[in-house]
Amino acid sequence: KYVAQTTSPSDGDDVRWYFCKTPLGIHEAAASVPSTEIVGKGEFFRFSVRDSLSLEESYLEREEELVALWWKEYAECSEGPSKSKRHDPEAFQRHSSDFYEEAVGVPVKGGLYEVDLDSRRCFPVYWGGEHRRVLRGHWFAQRGSLDWLPLREDIAEQLEFGYRSKIWLRRSFQPSGQFAARLDFHGATQGLHALFTGEEDSWEAWLNVDASGITSVLGLKGTGCKLRRGFILSGSQLSQAIFGFGQDELRQKKEEEMDDYCSEVPVQHLVFMVHGIGQRLEKANLVDDVGTFRRTAAMLAEKHLTKYQRHSQRVLFIPCQWRRHLKLGGEAAVENCTLEGVRALRTMIGATVHDVLYYMSPIYCQDIIDSVSSSLNRLHEKFMRRNPGYNGKISIYGHSLGSVLSYDILCHQESLTSMFPIQEINLSVTNADAENERPPESEQPSHSSDHDSRDSSKEGSDASTTTEAETESDTETERVKALRSEVEILRKELKSLGTNSALGTKQGERAPSRKYHTPQIRYTKLLFQVDTFFAVGSPLGLFLSLRNVRLGSGTGHEYWEDEGIEEEMPACRQMMNIFHPYDPVAYRVEPLISKDFVDKKPEFIPYHKGGKRLHIGMQEFGEDLGARSRAFVSSIASVGIENVCFLCHWRLLNAVMNDLAVDEESPTKEERSYGSMVMERLSGSPNGRVDFMLQDSTFEHQYISAISSHTNYWHDLDTALFIVRHLYQQIPE
């Protein structure tokens with residue numbers, strides 16, 4: 001419908017869609033932006049070619065309906081400032097966050113954003129964010145030799161009407177003496193009009209304003225702005241794109257290329273990124289952090305992956321904001337108790353460390369677990385609603401406290417309940433407890449008959465003593481049984497504390513708002529299977545050590561030589577613990593998996609420029625050389641100097657004989673330990689690892705780096721490349 005119908009150089013058929021740089025107000029109408037008929041340079045950014053095609057296709061399917069809605073909105077805004085703010089309840093409902101929470105619009109920018117064409121708004125899909133005005137660029141104006149800038153839809157619609165009626169064939173002499181056809185605009189700046197000149201299939205047009213003092217304000221001088229139908233890069237934009245001049249155009253071009261790639265390649269791996277502490281800080285923003293990580297990963301993938309790998313699958317990183325809408329009852333009380341001294345420091349500590357304390361609290365632990373689980377399931381449902389045929393993988397990236405929360409949820413996907421994870425209530429009864437519960441001697445059964453018969457024989461006395469001991473033993477046993485029975489009843493009552501019957505509420509009644517101690521945590525079943533669990537900058541090792549928990553299948557008591565430990569296994573295919581050596585929050589996990597890895601160093605994460613950093617390589621070389629030297633000296637000392645030559649010849653002969661003995665049976669494999677089998681289960685391979693350590697910089701100071709190392713993972717190149725390589729490892733080059 002919108003292909004070029006004339007041979008004029010000003011005619012084209014390329015429609016481009018734009019989004020505004022400045023977000024809209026809460027109830028601000030899209031028709032109120034922009035305030036001028038010509039979009040200002042730098043105020044709007046272009047969507048990519050593929051996104052523009054998707055938006056245009058959806059627009060053409062409902063063109064008449066959408067144009068009517070837009071003109072109605074323009075009419076409401078033209079009534080004046082007082083009346084333009086009076087929106088009907090339906091408009092308020094459409095612009096509310098609840099509506100956009102469930103709306104499914106036209107996907108753009110890799111599926112992270114959607115466009116509602118009715119209200120011309122672009123909004124994020126997986127997090128609450130700002131709405132931006134969307135504009136359909138069909139007619140453009142050029143000021144002098146500057147770029148072609150799109151016109152507002154109401155102006156473009158009237159220009160299109162004049163174009164289809166070939167208004168330039170009805171030319172007449174204008175007051176200025178120009179022989180042209182005039183098209184006056186309705187609902188625009190007073191005196192604004194277009195002048196068309198030309199014959200048959202060749203035409204030109206300009207945008208002008210009658211001399212009324214407004215011309216200088218709009219920047220329209222002389223013959224005004226030249227008009228064009230259809231998008232085209234101007235000479236300055238084309239030269240910038242070719243020769244690389246202009247940072248804005250370069251950024252625009254790079255972003256368009258990335259959006260086109262995202263529109264072309266389907267998502268085959270979804271990664272939910274769960275934040276940790278600090279999201280209540282004023283400058284903390286998980287969406288920005290994940291956006292930084294997403295751009296870093298895309299840049300490294302383009303550089304280190306082959307074209308075949310990049311076009312085989314796309315990875316989508318989605319932030320999980322579990323803390324954003326979570327309100328805990330103790331926050332107000334803590335705020336009232338906070339001292340005024342060093343207020344800024346206390347505020348910072350309260351917004352970071354307090355989340356850990358809340359999770360360790362038996363009152364608020366359940367609320368935090370519910371928030372994380374429901375957020376993950378909600379994000380998964382949103383994604384599946386937009387990708388109903390998705391059969392790819394899903395992983396979880398947990399940072400800081402978020403890794404502990406994700407781990408606890410993954411460990412309770414089969415049994416959805418557990419005792420409070422920090423310190424379980426010990427209700428066992430020992431003999432000492434039973435002894436303390438024994439009644440006083442005055443209440444114990446009397447044995448006066450035995451004491452009255454003091455003149456009896458020795459055999460009778462011994463028999464009486466034995467009978468008395470047996471009676472006391474029977475009495476003690478009965479009391480222990482009674483106490484244990486009472487303990488079992490208490491256990492059952494504790495388990496039912498979370499139900500309405502335990503809280504004293506009947507069915508249909510509202511439970512009281514009072515918070516109760518929660519000895520048992522109830523976990524929500526995730527709606528998806530987890531492929532890889534990334535624990536980044538994680539204190540998980542500390543939490544598990546305090547709980548006396550090891551990672552295993554539940555049969556490792558003999559291996560750990562401790563009957564008091566508990567074992568658990570996260571429901572994921574593979575687990576990776578990533579940390580910086582100077583991160584004060586991070587802890588290792590491998591010593592809690594296998595005793596063989598207590599003295600082994602973590603696996604180094606490769607440097608993004610290749611291999612290991614120079615000082616790391618030199619350090620490892622020195623340590624290896626020292627170990628070999630100590631082993632050689634030890635062997636010499638053990639056999640004596642006179643036997644060194646014999647020992648060397650014997651080892652050489654033994655090695656040659658082993659190489660030549662091809663017909664001999666292969667030696668039997670050593671029996672693997674329980675810890676090594678658990679390590680293989682979590683790492684995904686017999687020689688795999690779980691702990692992966694970043695390489696510190698050459699001149700990096702430990703204590704200075706400790707301040708920023710915990711929050712540096714989001715934009716760290718080594719971390720991003722390591723995760724990208726793992727996510728693409730099963731795709732051949």
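The values are calculated or read from the model by the stated rules, or taken from the named source; none is laboratory data. Remember, predicted model here, so these are calculated numbers, not experimental data. Positions of Cβ are backbone-derived with ideal geometry, glycine not excepted, and every protein chain shown enters the neighbour counts. Note: areas computed on protein heavy atoms with side chains; ligands, DNA, RNA excluded. Shrake-Rupley method; radii C 1.70, N 1.55, O 1.52, S 1.80 Å.
Determine whether THR22 is in a strand (DSSP E or B) and either outside the structural domain of VAL134 (by the TED database) or among the hydroxyl-bearing types (Ser, Thr, Tyr) (or both). Before you say what the answer is, go through the steps one by one.
Details: in a strand (DSSP E or B): yes; either outside the structural domain of VAL134 (by the TED database) or among the hydroxyl-bearing types (Ser, Thr, Tyr) (or both): yes.
Yes: the conditions hold for THR22.
Look at (1) exposed (fewer than 13 other Cβ atoms within 10 Å of the Cβ); (2) modelled with pLDDT of 90 or more and you find that PHE317 fails only one, number (1). Residues in segment 391-420 that are of a type in the set (Ser, Thr, Tyr), open to solvent by less than 10 Å² (accessible area, probe 1.4 Å) and either free of Cβ contacts under 8 Å to residues at least 12 places away in the same chain or more than 17 Å from PHE579 (Cβ to Cβ) (or both): SER395 only. Among the residues of segment 367-380, is there at least one that is more than 18 Å from the chain's Cα centre (by Cα) and surrounded by 19 or more Cβ atoms within 10 Å (Cβ to Cβ)? Checked segment 367-380: no residue is more than 18 Å from the chain's Cα centre (by Cα) and surrounded by 19 or more Cβ atoms within 10 Å (Cβ to Cβ).
For residues in segment 42-69 being buried (at least 16 other Cβ atoms within 10 Å of the Cβ) and hydroxyl-bearing (Ser, Thr, Tyr), which is farthest from LEU112 (Cα to Cα)? So the residue we want is TYR59. Across segment 1-37, the qualifying residues are those that are under 22 Å from VAL115 (Cα atoms) and aliphatic (A, V, I, L, M), and the one among them that is modelled with the highest pLDDT is VAL15. Counting the residues of segment 186-207 that are at pLDDT 90 or above, open to solvent by 20 Å² or more (accessible area, probe 1.4 Å) and under 54 Å from the mean Cα position of the chain (by Cα) gives 2. Looking at segment 82-178, the helices (runs of 4 or more DSSP H) lying wholly inside it that each contain 3 or more residues that are at pLDDT 90 or above, in contact with a Leu (Cβ under 9 Å, 6 or more places away or on another chain) and assigned by the TED database to the domain that holds LEU207 sit at 153-164.
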